[in-house]
Amino acid sequence: MFDIDAIRQDFPALTQHGDTERVYFDSAATAHKPRCVIDTLTRFYSQENANVHRGAHQLSQQATSRYERARQQVAEFIGCQHNELVWTKGATEAINLVAYGLTAQLQPKDVILITELEHHANIVPWQQLAKRTGATLMAVPVTPAGLLDTAQAEQMIAQYRPKVFALAHVSNALGNINPVKVLLCQAKQQGAWTLVDGAQSLLHLRPQMADLGCDFFVFSAHKCLGPTGLGGLFGRFSCLQQLDVFQTGGEMVAKVRIEHTEFNPPPSKFETGTPNISGVLGFAAAIEYLNNLDSAALAAHERSLMQYLVAQLSDIESVSLLGDMQHNVGTVSFYVQSEHPYDIATLLDMEGIALRHGHHCAQPLMHALGVNGTVRVSLAFYNTFAEIDHFISALRNTLEMMAP
Ligand code: PMP
């Protein structure tokens, strides 16, 4: 049974604004945190604080075993082994780690293939890899509607036989779900290293690594009910073994002499310095929270919210929706001819609606679509139909007010 009222009570940030009704439609930027996550952080710092992997003392041993148990829990959530999950600062750092770690694997004749709809985090690290190695960076174009051109993707994979193929599971700007499985399979057949940017899919689609079939998958905890400053990289163990180390220092080493160092096996090889212990414990609490919800009911609620939102937006004549509303999750983007997205977002904020405007760190996509930005509405399972009604009425008022 999916009890939305009870669920909302679990999220203090949804009920903190007293009488003024606030609508949070910016979960793609960062999701709210359930109380169990906040409590876990507080408990760690007030009762359990100790560094991991170092001390003989009880607190340190306890912190270490909780920290490693948390890795196991999150690994189970995405369907991988605990030694295939590397903690990072976020999705951005995870992509940088892979792009840097592949440097020795690429040659000037090689092609790195991404897509035009990527977040900047899945573009710039590959540009830098291309610069370091002399390889060529190419991008699969989008259709005029902003969807990945899958026919072009297939053709480019076959023609260029990329050494790396990296793409988003779900577009952060439009919310569209990419057909990653089939494309990854083709890229793999051509010998590519494959990476999926799962920053926008983890919460909504709960991808399983074996099912996706990628070499690497990256995510950010804060977009999946967890704390900020933490993310993860799944890597097939054999792929992680072949990556060169990214940042170096303490913790990740087996033996250090002045002349040379032996690194630990993965995942430790990529985790240097004191990790984000509280963040990892908090994220495990978020995962446990999600595991205790009825995932089918939750997905159905999200789907109905999305259908309702799209139907309501489609009723407003001046609103142009972008993307494919049959294949999106979490996010809807729109623009209004002759109105700047910033003005719409600012006026909506005055009506208590929190959402995003602009390029959403996807400038190449905006450029391809010929828009200077969009207004982005992003939902999570804790949102309600009443919030959509409030938003639609505020949007109608705003557009009326802006009309010449
Ligand atoms: N990729 C996508 C698709 C994203 O939406 C984001 C965050 N907006 C990132 C990567 C980067 O995530 P983070 O800023 O948490 O590292």
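The values are calculated or read from the model by the stated rules, or taken from the named source; none is laboratory data. A quick note: this is a predicted structure, and the numbers were derived from the prediction, not measured. Cβ sites come from the backbone with ideal geometry, for glycine too, and all protein chains shown count toward neighbours.
I'd like to know if segment 217-227 contains one or more residues that are of a type in the set (D, E, K, R) and farther than 25 Å from S238 by Cα.
Checked segment 217-227: at least one residue is of a type in the set (D, E, K, R) and farther than 25 Å from S238 by Cα.
Being within 16 Å of the ligand (Cβ to nearest atom), free of Cβ contacts under 8 Å to residues at least 60 places away in the same chain and among the hydroxyl-bearing types (S, T, Y) is the filter here; which residues of segment 207-258 pass it?
Selection gives nothing.
Does K109 fit the bill of being at pLDDT 95 or above, more than 16 Å from the ligand (Cβ to nearest atom) and surrounded by fewer than 20 Cβ atoms within 10 Å (Cβ to Cβ)?
Details: at pLDDT 95 or above: yes; more than 16 Å from the ligand (Cβ to nearest atom): yes; surrounded by fewer than 20 Cβ atoms within 10 Å (Cβ to Cβ): yes.
Yes.
Just give me the residues in segment 136-160 being more than 23 Å from P125 (Cα to Cα), of a type in the set (G, A, S) and modelled with pLDDT of 95 or more, in sequence order.
Within segment 136-160, A151, A158 qualify.
Of the residues Q47, Q61, which is part of a helix (DSSP H, G or I), surrounded by 14 or more Cβ atoms within 10 Å (Cβ to Cβ), free of Cβ contacts under 8 Å to residues at least 12 places away in the same chain and over 22 Å from the mean Cα position of the chain (by Cα)?
Result of the check over Q47, Q61: Q61.
Might you check whether a residue that is small (G, A, S), touching an Asp or Glu at 6+ places or on another chain (Cβ under 7 Å) and within 16 Å of the ligand (Cβ to nearest atom) occurs anywhere in segment 138-158?
yes
Restricting to strands (runs of 3 or more DSSP E) lying wholly in segment 280-377: which have 2 or more residues that are among the polar types (S, T, N, Q) and buried (at least 18 other Cβ atoms within 10 Å of the Cβ)?
331-336
Here are T143, T133, T115: which of them is of a type in the set (S, T, N, Q) and over 16 Å from L365 (Cα atoms)?
T133
For L202, only one of the following conditions fails: (1) more than 11 Å from the ligand (Cβ to nearest atom); (2) buried (at least 24 other Cβ atoms within 10 Å of the Cβ); (3) touching a residue at least 60 places away in the same chain (Cβ under 8 Å). What is its number?
(1)
Within segment 36-76, can you find the residues that are among the hydrophobic types (A, V, I, L, M, F, W, C) and under 19 Å from T228 (Cβ atoms)?
Here is the first cut: in segment 36-76, the ones among the hydrophobic types (A, V, I, L, M, F, W, C) are 36-38, 41, 44, 50, 52, 56, 59, 63, 70, 74-75.
Hits for segment 36-76 are C36, V37, I38, L41, F44, A70, V74.
Kindly state which helices (runs of 4 or more DSSP H) lie completely within segment 69-184 and contain at least 2 residues that are touching a residue at least 60 places away in the same chain (Cβ under 8 Å) and under 30 Å from H53 (Cβ atoms).
Values: elements: 91-101, 124-133, 150-160.
Per the criteria, 91-101.
Step by step: first the residues of segment 169-199, then only those that are more than 13 Å from the ligand (Cβ to nearest atom) and of a type in the set (G, A, S), then the one that is farthest from A297 (Cα to Cα). Which residue is that?
G191
If I ask for residues that are within 19 Å of P227 (Cβ to Cβ) and touching a Leu at 6+ places or on another chain (Cβ under 8 Å), which ones from segment 288-320 would you list?
Y289, L290
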